[in-house]
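Remarks on the structure that follows.
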Amino acid sequence: MAETIPEPLGTRDDLIDINKLTRWNFTLLPEASDRDPLADKEESPFPWRNDLNSKIILCTGNLTLLNVHAIVHPTNEHMNDKNPISDEIFYQGGPSLVKEVKEDIRVCKTGEAKLTKGYNLPARYVIHTVGPRYNIKYITAAESALYCSYRNTLQLCRENAIRSLGLACIHTMRRSYPPEEGAHIAIRTVRRFLEKFPDTLDSLLFVCNDETYEIYRKLLPLYFPRNIKEEEDSVSKLPKDLGNEDGEPVIQERQIRIIDKPTFAAYKSESQNEFEETIDLNKAFETSVAVDVGHHPFASMQEHPDNSKTRALKGIPAAEYRRAEARRRYETLLKKARTEDLTDIASLRCMYRSGVDRHGRPVIVFVGSNISVKDVDMQRVLLYMVKVMDTVVDTPYVVVYFHTLTSGANHPPMNYLKYAYSMLDNRYRKNLKNFYIVHPTWWSKLATWFFTTFTASDIKPKVHSLSGVQYLYTKINPDQLDVPQFIHEHDIKVNGPRYFVPEPESPEGL
């Protein structure tokens, strides 16, 4: 039978102690299926691990009664979904929770996760996230978005020292998502996250309703087997697509697209070590703009002499060779960005994806004052930028850079900018439609002129300096921008609470 969270007795002080709920490693094991002892034993990709099983609890009941650090609130993009879980969370959380969601969160895009306080709830925090709508024509997109919802939820736990989590089903029938398919992604993502970061969570509760409990009870043994026999039996029952090392669904078409041309296979291995060796960017780019601009070898990205000879002997055109090498360098960078733990950079909130502009193009936000170039590893910053932007740059996109209240400590050396620009593949340049610099200074205007004149002349017409946030709102609706509060306060201080912003004469950047 499902373990049900009991109703509180009398007052809100009668909370549900999760330590009294049965852990997955102590649940009653079903009878294992018969197995041919002579059959080859295929190794399971999810081996029996009692330490992980002891963190899992499967239960049904009222999510808002759990005495945990955080609970998950599945909702819609405008945070106003009408369903029993949302209604109960806002009712129990009280008006302060409603106010924070309306004033500070406002919107949450599909696949994102955002954190608020729990207020009157027993939980210290509420993690709000939006699961995808399911359409049979766009299964891959739905699977990827659902993975992001679960993974971003777990990342917030890691970033905010959340030790216990009540996880409601983010995939819902209200959005037409098949319960069993969604449960596979949910459980698999949790399993891979706990494997990678076993010390992040002490307790994770899959809080189900009557419809989803049996599905989870059936699928949990596949990803969290409770003994060797159950591990062996699970191999034949697992789906074919088990995702990558993080549990993220694998898109076969993308795997094919990123492979270099077969004609480059021979010389590719000869130069592999040159580009995969670790580079300390903090040391390489600590020189000043005035003294060393353009003189560092990374800035010029000259071809290695040995590679030049190899290319000439094989009769490969120089331009074609450079394109292949640039693509391979980027793929090496992307692979590292996907596998490294970059939560320390994410916690800075120096770059993130926001909504869309008035033409429906995704917006990437950079907050200059949130990063000190002397205190962080700028190589990891580049990795995080690639991780955030790679899924956006396949189509037209927009960048907003808030230069607000920055100082010399926030300005990266010009050589670093040149190197970073050279490492990004052509999609970044081709599909960038507008780059807005808000609250520019004399330094930013000089640096922008220098960079777009001598390094990135192809994006020069796309760069626009805006003296206030209200000017930005003529390009991007306010509800599509996640603007830090200190930027609003500075904007009012320098421009006043209301200032006239003329409408643009023609659509910009089309």
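Look at segment 379-409 and say how many of its residues are of a type in the set (S, T, N, Q) and over 18 Å from VAL483 (Cα atoms).
Initially, segment 379-409 is screened for residues of a type in the set (S, T, N, Q), giving 379, 391, 395, 404, 406-407.
The next check asks that each one be over 18 Å from VAL483 (Cα atoms); those that pass are 379, 391, 395, 407.
Going through segment 379-409 one residue at a time, the tally reaches 4.
In the set ARG323, ARG327, ARG358, ARG338, only one residue is in contact with a Lys or Arg (Cβ under 9 Å, 6 or more places away or on another chain) and part of a helix (DSSP H, G or I); that residue is ARG338. Are any residues in segment 371-395 part of a loop (DSSP other than H, G, I, E, B) and open to solvent by 50 Å² or more (accessible area, probe 1.4 Å), and if so, which ones? Residues satisfying the conditions are LYS374, ASP375, ASP377, THR391, ASP394, THR395. In segment 186-208, how many residues are farther than 21 Å from ALA123 by Cβ, of a type in the set (A, V, I, L, M, F, W, C) and surrounded by fewer than 20 Cβ atoms within 10 Å (Cβ to Cβ)? Adding up the residues that qualify gives 0.
Residues in segment 57-89 that are more than 25 Å from the chain's Cα centre (by Cα) and surrounded by fewer than 17 Cβ atoms within 10 Å (Cβ to Cβ): ASN67, LYS82, ASN83, PRO84, ASP87, GLU88.
Among the residues of segment 412-425, are any touching a Lys or Arg at 6+ places or on another chain (Cβ under 8 Å) and closer than 28 Å to GLU320 by Cβ?
Within segment 412-425 (the criterion being touching a Lys or Arg at 6+ places or on another chain (Cβ under 8 Å) and closer than 28 Å to GLU320 by Cβ), the answer is yes, since at least one residue qualifies.
Name the residues in segment 474-494 that are in contact with a Gly (Cβ under 9 Å, 6 or more places away or on another chain), modelled with pLDDT of 90 or more and part of a helix (DSSP H, G or I), would you? Within segment 474-494, GLN480, ASP491, VAL494 meet the criteria.
Residues satisfying the criterion are present in segment 225-238 (criterion: surrounded by 13 or more Cβ atoms within 10 Å (Cβ to Cβ), at pLDDT below 95, closer than 17 Å to TYR147 by Cβ and not aromatic (Phe, Trp, Tyr)).
Taking PRO497 as the residue in question, decide whether it is part of a helix (DSSP H, G or I), over 25 Å from SER372 (Cβ atoms) and open to solvent by 20 Å² or more (accessible area, probe 1.4 Å). In short, no.
Within segment 423-464, being in contact with a strand residue (DSSP E or B) (Cβ under 9 Å, 6 or more places away or on another chain), open to solvent by less than 50 Å² (accessible area, probe 1.4 Å) and in contact (Cβ under 8 Å) with a residue 40 or more places away in the chain holds for ASN434, VAL438, HIS439, SER444, LYS462, HIS464. VAL365: among the aliphatic types (A, V, I, L, M) and under 27 Å from PRO396 (Cβ atoms), yes or no? In short, yes. For segment 69-92, the criterion of being more than 16 Å from THR129 (Cα to Cα) and aromatic (Phe, Trp, Tyr) is met by at least one residue.
Which condition number in (1) in contact with a helix residue (DSSP H, G or I) (Cβ under 6 Å, 6 or more places away or on another chain); (2) open to solvent by less than 50 Å² (accessible area, probe 1.4 Å) is the one that TYR119 fails? Unmet condition: (2). Annotation for segment 124-146: at least one member residue is out of contact with any Lys or Arg (no Cβ under 8 Å at 6 or more places or on another chain), buried (at least 23 other Cβ atoms within 10 Å of the Cβ) and either over 18 Å from THR75 (Cα atoms) or not aliphatic (A, V, I, L, M) (or both). Residues of segment 90-115 that are touching a helix residue (DSSP H, G or I) at 6+ places or on another chain (Cβ under 6 Å), crowded, with 22+ Cβ neighbours inside 10 Å and under 19 Å from LEU205 (Cβ atoms): ALA113 alone.
Might you let me know whether segment 172-180 holds any residue that is outside any helix (DSSP H, G or I) and under 17 Å from ARG124 (Cβ atoms)? Please lay out each step first, then the result.
Residues of segment 172-180 that are outside any helix (DSSP H, G or I), as a first pass: 172, 176-178.
Now narrow it down to the ones that are under 17 Å from ARG124 (Cβ atoms): none.
Scanning segment 172-180 turns up no residue that is outside any helix (DSSP H, G or I) and under 17 Å from ARG124 (Cβ atoms).
How many residues are over 13 Å from ASN120 (Cα atoms) and touching a residue at least 24 places away in the same chain (Cβ under 8 Å) if we restrict to segment 82-101? Qualifying residue count for the region: 3. Residues in segment 48-81 that are farther than 22 Å from ARG188 by Cβ and of a type in the set (Asp, Glu): GLU77, ASP81. Between ALA141, ALA161, the distinction of being out of contact with any Leu (no Cβ under 7 Å at 6 or more places or on another chain), at positive phi and among the aliphatic types (A, V, I, L, M) belongs to ALA161 only. LEU472 falls short on exactly one of the conditions (1) open to solvent by 60 Å² or more (accessible area, probe 1.4 Å); (2) under 16 Å from TYR397 (Cβ atoms), and that condition is (1).
Cβ-Cβ distances below 9 Å connect the following pairs, each with a first residue in segment 481-496 that is free of Cβ contacts under 8 Å to residues at least 40 places away in the same chain, a second residue that is of a type in the set (S, T, N, Q) and not in a helix (DSSP H, G or I), and a separation of six or more residues or different chains: ASN495/SER467. SER54 meets each of the listed conditions (1) of a type outside the set (Phe, Trp, Tyr); (2) buried (at least 18 other Cβ atoms within 10 Å of the Cβ); (3) modelled with pLDDT of 70 or more apart from (2). Scanning segment 120-140 for residues that are among the hydroxyl-bearing types (Ser, Thr, Tyr) and modelled with pLDDT of 95 or more turns up TYR125, THR129.
The values are calculated or read from the model by the stated rules, or taken from the named source; none is laboratory data. Keep in mind that what you see is a predicted model, and the values were worked out from it rather than measured. A quick note on method: Cβ atoms are made from the backbone with ideal geometry, for glycine too, and the neighbour counts reach across all protein chains shown. Keep in mind that these areas ignore ligands, DNA and RNA; they rest on the heavy atoms of the full protein, side chains included. Shrake-Rupley method; radii C 1.70, N 1.55, O 1.52, S 1.80 Å.
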